Structures are given as C-alpha cells and as structure tokens.
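Written below as structure tokens is the structure these notes are about.
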C-alpha cells in the first residue's frame, strides 16, 4: 500500500483557469435550474388547480401537495468565483476535495441538487443516471 493518500494531495492551478472552469460549471447548473423551474411551475399549478377544484366541490380533508421544489446552489459558485476574482494570487492551491468540487463539479451537495431537479429537468435526470453508474 502506498505511503501517500490521495486525500493528502494538493495541486496548484492558475486562478483564471479555475474561474473559467467554475463559470462553465455554474452555467450548466443554471441551465438545469432554469429547465427545472419552468417544469416545476407547470406541475405546481396543475397540482394546486386540482386541489382548488376538489375543495370547491366540497372535499374536506388533508391536502397532500406532492411537489419537490427545485434546489439551487448558484450562490456557492458565485461566492467562490468572487473570492477568486478578488485574490491577488495568480495560482491557487487545491486539496483533493477542493479539486473534486471545483474542477470536477462533484460537490457534497451535487446529488441533492440533481435529485431535487431530476423530476423536472432531463439534463439533471441524465446526469443523475450517469453518476449512479460510477
């Protein structure tokens, strides 16, 4: 067994290159979110219209509104991009975890994002399917 652990690795990357990668990843995230929000509105309106119709016809009881709200982590991208833009350093050191998140776009919250949006976004559903096969 190796004396080195992948968790202990660090790499240096050009700040501008990292900003470009994060910006591209943010754009993919925003595209999935926009698709999900549009489909969510349609589903929410349909579910709420059905509930109003039922209540209007005299139904009394517990309202179950099975709607998963799309989640966004755009602010996480924006914060990191802003921090990098504010840095005077030309190069940035990244741990394995930071590299995995920022460069490979595999954040701790990635699965939560994809699951909450997969019902409404074909891109999220496809990405979720391909990540579950790994």
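The values are calculated or read from the model by the stated rules, or taken from the named source; none is laboratory data. Because the structure is a prediction, the values reported are computed rather than measured. A quick note on method: Cβ atoms are made from the backbone with ideal geometry, for glycine too, and the neighbour counts reach across all protein chains shown.
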Q: Within the range 103-134, track down each residue that is without any contact (Cβ under 8 Å) to a residue 12 or more places away in the chain, over 14 Å from residue 29 (Cβ atoms) and exposed (fewer than 15 other Cβ atoms within 10 Å of the Cβ).
A: 108, 126, 129, 130, 132, 133, 134
Q: Might you let me know whether the range 18-26 holds any residue that is in contact (Cβ under 8 Å) with a residue 12 or more places away in the chain, touching a strand residue (DSSP E or B) at 6+ places or on another chain (Cβ under 8 Å), in a helix (DSSP H, G or I) and under 17 Å from residue 103 (Cα atoms)?
A: yes
Q | In the range 52-69, the residues that are touching a helix residue (DSSP H, G or I) at 6+ places or on another chain (Cβ under 8 Å) and surrounded by 10 or more Cβ atoms within 10 Å (Cβ to Cβ) | A | 63, 67, 68, 69
(Q) I'd like the full set of residues that are free of Cβ contacts under 8 Å to residues at least 24 places away in the same chain and surrounded by 13 or more Cβ atoms within 10 Å (Cβ to Cβ), limited to the range 75-102. (A) 98, 100, 101
(Q) Can you name every one of the helices (runs of 4 or more DSSP H) wholly within the range 59-121 that holds 1 or more residues which are at pLDDT below 95 and closer than 21 Å to residue 45 by Cβ? (A) 110-118
Q. Yes or no: residue 72 farther than 25 Å from residue 131 by Cβ and either touching a strand residue (DSSP E or B) at 6+ places or on another chain (Cβ under 9 Å) or touching a residue at least 24 places away in the same chain (Cβ under 8 Å) (or both)?
A. no
